[in-house]
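Take a look at the structure below.
Just so you know, all these numbers are worked out from the coordinates, no wet-lab data involved. This structure is a prediction, so every number in the text was calculated from the model and none was measured. Neighbour counts are summed over all protein chains in view; Cβ atoms, including those assigned to glycine, are modelled from backbone coordinates with ideal geometry.
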Amino acid sequence: MAKDEIINKFKYIGTRPNRPDGLDKVTGRAKYGADFNAPNMLHAAVLRSPHAHARIVKIDTSKAEALSGVKALVTRADFPTGLKGEDFYLQENTIAGDRALYDGHAVAAVAATSALVAKDAIKLIEVEYEILPHVTDVDEAMQPDAPVIREGAQDHSVPDGLPPNIVSYMDFGHGDLEAGFSEADLVMENTYKTEAAHQGYIEPHACVGQLGQDGKGDMWICTQGQWFIRKMCTAVLGLEASQLRVTPSEIGGGFGGKTTIFSEALSLALSRKAGGRPVKLVMTRSEVLRATGPTASASMDVKIGMKKNGKMTAASAVFRMQGGAFPGMAPTGMALECAFANYQLPAVHHIGYDVLSNRPKSAAYRAPGSPMAAFAVESLVDEMCRELNLDPIDVRLLNGSKEGTKSSFGPTFRKIGLIETLEAAKSHPNLEVKLGPNQGRGIASGYWMNHGGETSISMALGEDGTVTLSIGTPDIGGSRASMALMVSETLGIPYEDVRVNVVETGSLGVNEPTHGSRATFATGKAAVEACNEAIKEMCRRAADKWGIDPEAIDWFDGAAHPAGPNAGDFPPMTIKEIGRRMGRTGGPISGHHATTYGGAGESFGTHVVDLEVDPETGRATILRYLVVQDAGRAIHPSYVEGQFQGGAAQGIGWALNEEYIYGEDGRLQNAGFLDYRVPVASDLPMIDTVIVEVPSDSHPFGVRGVGETGIAPPLPAIANAIADATGKRLRHLPISPPKVLKAIKEGS
Amino acid sequence: MSNMHVTAKINGDETEFLCDPRETLLDVLRDRLNLTGTKEGCGTGDCGACTVTIDDRLVCSCLMLGVEASGKSIETIEGMAKGDTLHPLQKKFVEHAALQCGICTPGILVAAKNLLEKNPDPNEEQVRYWLAGNLCRCTGYDKIIRAVLDAAKEMRGTS
């Protein structure tokens, strides 16, 4: 009965039906975070520190509290004390204690009868600050004389004698590095820097929180993961997890940035203080940029040894990353894992530093760590290919990881598709286009390990034979369509007969968020398991009716069939018939599955960009762009292409324009979409895609997560193309027009 | 501050509302009239998620006060489909998978409709520049541009 044999022959998978939530989203009906309102609701506003680092000497709230319409005001004094570890840091980031740790750190919050009154009220709060020395640059933060963000925050991994802002240290590798480098004909080493970038989701964080004096509460919120919100908000407030019900709205983009909490618990604290009235908290764009979770900035040294024929002999990397004022937030470990994953290396070594700075608490951003690592490593590989006059794709084909390769981070790769992406890129028509003056071509590959994780799911058969699937991973880019396709394929019923609902925390066991490119993999896999459980039950109902052994029944085309002539001669019993009769034949039919999935299939990708540099302005115009990536199996190819294209666009923005700019005063200088400039439609060409399918053996249909990998290769691919066009190697992102122009003017 | 009384035509219907003089048209649409299809992404006119038309002219509703709408004719995403018939752009956006999260979609649809009313046969570059004020962070714009061009073709009757 289990349908192991359907792995390569599909009726629904690989088709491109309209997404189930499409109609709601093109008519304005879909409800996003800020679209929810509750009766008797109040509106919140948050007062934030204008200083990068300051002691909070005194907060006088009396004038604000006296303003007509103000119903509640909270400071850190309204939160429980004694929290430890991650819970403490979540609380401290929600609202500052004795010190503000970054520009934008929340200091107090108000709930009032209207948003206008709440905004007026926070202006009346008087805070006395004692400004402390600050540091926002990762390399400066590592100096012995740098301002100390936290005393005693170093974990046991940090060797004695390192400055206190280094809070974690990594050191791993294998092989004889010295021997490897001495075998090489060319050894090159360079330093690369990337600046912090923001996920830039268009929907600001928004929630409505309601909490009674009895500790029972509700939250409606745009989030990638309702259970994470529940766990974190209740920890910060000292509540029991199950007493808070979190209902996810539609989500207007996340890219990792909505997997955690920032100000959400303030709405609950305000609600409790206002006698349980619901409190709506919507961030402004400026608050989103100043006080949510941009990615880390990085400073990286990479060294590679290569033979004249391009064969790599050894590689090493030292990565320094700051993840804001909170330990454990810089994705240094993942960056190191990604750094050399593309390559077969006899000897490799990684060192990483997690560094504190006076910046906001970093959050995940699409393949956290991988883009920075790719920028450094893939830039250096390109530099060496140029030095040795070798083709960059051929060098990657020569050294590329494949099934059986001992990975740079230890384990041996199972079946992976890097080589296939390189071959597909090499034969793509874009590479035959001849380039003109001031034009350049750049190539780079990238990797993301992908994730499975905690997953709980439920499917239920309706009386008419249609199916409801309840999932815990918010649909951030068309995943309801993928789930419905996998269910219809498994059950053999039409796509339209499946309704997929993203449900609240009371309806399922714990689910991790839609993160780590896990939804189509893990939720999809669990959906297949749940359907298989229901199929088993449906076969049993048919067996009871026919009076034969359930093992003698096959399920296909949406019906139970006798397995062969020996099983008996019965007409197929359809899912509609079983649904209609289920109340009388043993009761409701449903399928459940709950597990923690490991073993997600890795996804590799290769990008090729052609661009033209205007020698007068330094501006790079993307002429054509190619993404080739291994999807394992594309369930809904349009949304797979969409992930490729979206990742590429974000990477292009990070490479060319986007950066957090801090002034000497430690304040963020570009906290708006005018100055934090993400790519617009006129900045980009069509983004060509090739979906490579090397099925992963860890998913019933071969799915590999596809969301993350695509953001890594653009950073180096663009730097490589700029070098091709201008002869100038830029090793510090973003490669903005002034930097390019300066490099061109400087000659050499 | 006392509220002001405003009358405007919204999606063809005469509509009255009260608003604080400091409230933006976007606030009025979303919070006073419950027309939440128009989104707020930035509040500073940089992202285009709040795009509506005022007397057939594209406007970021976050940059206009509610009281300024007096006597005007406003079209929002809620007025785009005629009854149960979707506008060709709405249909093509779903068919082309031109949305991922969908938060920018209402603004982009309103802006694209306005383009096709002014220029029924735009080329790719014209679509890209017309939509340059509407940020999309998910799609890289590729499928959005294709959907607009395909809808234009269908509306010209040449598909």
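Given charges of +1 on the Cβ of Lys and Arg and -1 on the Cβ of Asp and Glu, with all other atoms neutral, how large is the dipole of segment B:21-91 about its Cα centre, in debye to the nearest 20?
100 debye
Using θ = phi - 60° and the Karplus curve 6.51 cos²θ - 1.76 cosθ + 1.60, what whole-Hz ³J(HN,Hα) does each residue of segment A:664-676 get, with Gly and Pro shown as x?
3J(HN,Hα) across segment A:664-676, in whole Hz: 4, 7, x, 9, 6, 8, 10, 8, x, 6, 6, 9, 9.
Just add up the charged neighbours of A:GLY323: K/R +1, D/E -1, any other residue whose Cβ is under 12 Å from the Cβ of A:GLY323.
With Lys, Arg at +1 and Asp, Glu at -1, the net is +2.
For chain A, rounded, prolate or oblate, judged on the Cα gyration tensor with a ≥ b ≥ c (square roots of eigenvalues), a/c < 1.5 rounded, else prolate if a/b > b/c?
oblate
Please find the FRET efficiency linking A:THR621 to A:LYS308, where r is the Cβ-Cβ separation and R0 is fixed at 41 Å, and quote it to the nearest 0.05.
With a Förster radius of 41 Å, E is 0.70.
What does the average come to when, for each residue of peptide B:102-114, you count the partner chain Cβ atoms lying within 10 Å of its Cβ?
5
Can you tell me the Rg and Dmax of segment A:362-519, counting just the alpha carbons, in angstroms?
Using the Cα atoms of segment A:362-519, the pair Rg, Dmax is 21.7, 69 Å.
Please state, as a whole number in µm²/s, the translational diffusion coefficient that the Stokes-Einstein equation yields for segment B:14-123 at 25 °C and 0.890 mPa s, with Rh defined as the Kirkwood radius across alpha carbon pairs.
170 µm²/s
Grab the Cα-Cα distance for A:MET188 and A:ARG499, subtract it from 0.36 nm times how many residues apart they are, and report the gain in nm with one decimal.
Numbers: separation 311, 0.36 × 311 = 111.96 nm, distance 5.55 nm.
Gain on extension, A:MET188 to A:ARG499, equals 106.4 nm.
Calculate the mean, over all residues of peptide B:88-100, of how many other protein chain Cβ atoms lie within 10 angstrom of the residue's Cβ.
Per residue, the average neighbour count from other chains is 6.
I need the calculated FRET efficiency for the pair A:ARG729 and A:ASP614, taking r as the beta carbon distance and R₀ as 22 Å, to the nearest 0.05. Intermediate results must be reported in sequence, preceding the final value.
On the way: r = 19 Å, r/R0 = 0.85.
Working from the Cβ atoms, E equals 0.75.
Taking 35 Å as R0, compute the FRET efficiency from the Cβ-Cβ separation of A:THR412 and A:LYS536 and round it to 0.05.
It comes out at approximately 0.50.
Starting from segment A:1-84, pick out the trypsin sites (Lys or Arg not before Pro) whose DSSP state is loop and whose Cβ has at most 16 other Cβ atoms within 10 Å.
Sites meeting the loop and neighbour criteria: A:LYS9, A:LYS11, A:ARG29, A:LYS31, A:LYS84.
How far, in nm, would the chain grow between A:THR15 and A:GLN669 when pulled straight, counting 0.36 nm per residue and subtracting the alpha carbon separation?
Gain in length upon complete extension: 230.8 nm.
Roughly how crowded by other chains is peptide A:443-452, in terms of the mean Cβ count from those chains within 10 Å of each of its Cβ atoms?
Values: counts 0, 0, 0, 0, 0, 0, 0, 0, 0, 0.
Taking the mean over all residues of the peptide, I get 0.
What's the center-to-center distance, using Cα atoms, between segment A:604-651 and segment A:208-224 in Å?
The distance from the Cα centre of segment A:604-651 to that of segment A:208-224 comes to 40 Å.
Lys and Arg at +1, Asp and Glu at -1: add these up for the other residues within a Cβ distance under 11 Å of A:GLU708 and post the number.
Once positives and negatives cancel, what remains is +2.
Just in segment A:419-507: which GluC sites (Glu not before Pro) are loop by DSSP and have at most 15 other Cβ atoms within 10 Å?
Those that pass, being in a loop and sparsely packed, are A:GLU463.
Using alpha-carbon pairs under 8 Å, 6+ residues apart, how would you state the relative contact order of chain A in percent?
Here the relative contact order equals 15 percent.
Restricting to DSSP H runs of at least four residues, report the calculated mean residue ellipticity at 222 nm for chain A, -39500 (n - 2.57) per run over all residues, nearest 500 deg cm²/dmol.
My calculation for chain A gives -8000 deg cm²/dmol from helical runs alone.
Once you keep just the Cα pairs under 8 angstrom separated by 6 or more residues, what percentage relative contact order results for chain B?
23 percent
Using DSSP to call loops (not H, G, I, E or B), can you name the GluC sites (Glu not before Pro) in segment A:623-714 whose Cβ has at most 15 other Cβ atoms within 10 angstrom?
Of the GluC sites (Glu not before Pro), the ones in loops of segment A:623-714 whose Cβ has at most 15 other Cβ atoms within 10 Å are A:GLU664.
Based on DSSP H assignment, which helices of chain A show an axial Cα extent of at least 20 Å together with a mean Kyte-Doolittle hydropathy greater than or equal to -0.5?
A:370-388, A:637-656
Of all DSSP beta bridges located in segment A:606-726, what percent are antiparallel, nearest 5?
60 percent
So what is the calculated 222 nm ellipticity per residue for chain B, using -39500 (n - 2.57) for each DSSP H run with n of 4 or more, over all residues, to the nearest 500 deg cm²/dmol?
Using -39500 (n - 2.57) per qualifying helix, the result is -8000 deg cm²/dmol.
Using a 7 Å offset from Cα along Cα-Cβ at A:ASP155, what residues in segment A:61-103 end up with backbone N under 15 Å from the label point?
Counting only backbone N, you get A:85-90.
So what is the relative contact order of segment A:400-528, in percent, for Cα pairs below 8 Å that sit 6 or more residues apart?
Working: 163 pairs, mean separation 32.9, N = 129.
Computed over segment A:400-528, the figure is 25 percent.
Just going by the charge dipole of segment A:76-205, with Lys and Arg at +1 and Asp and Glu at -1 on Cβ, which of A:PRO147, A:ILE131, A:ASN165 is farthest out on the positive end?
Sorting the options by dipole projection puts first A:ILE131.
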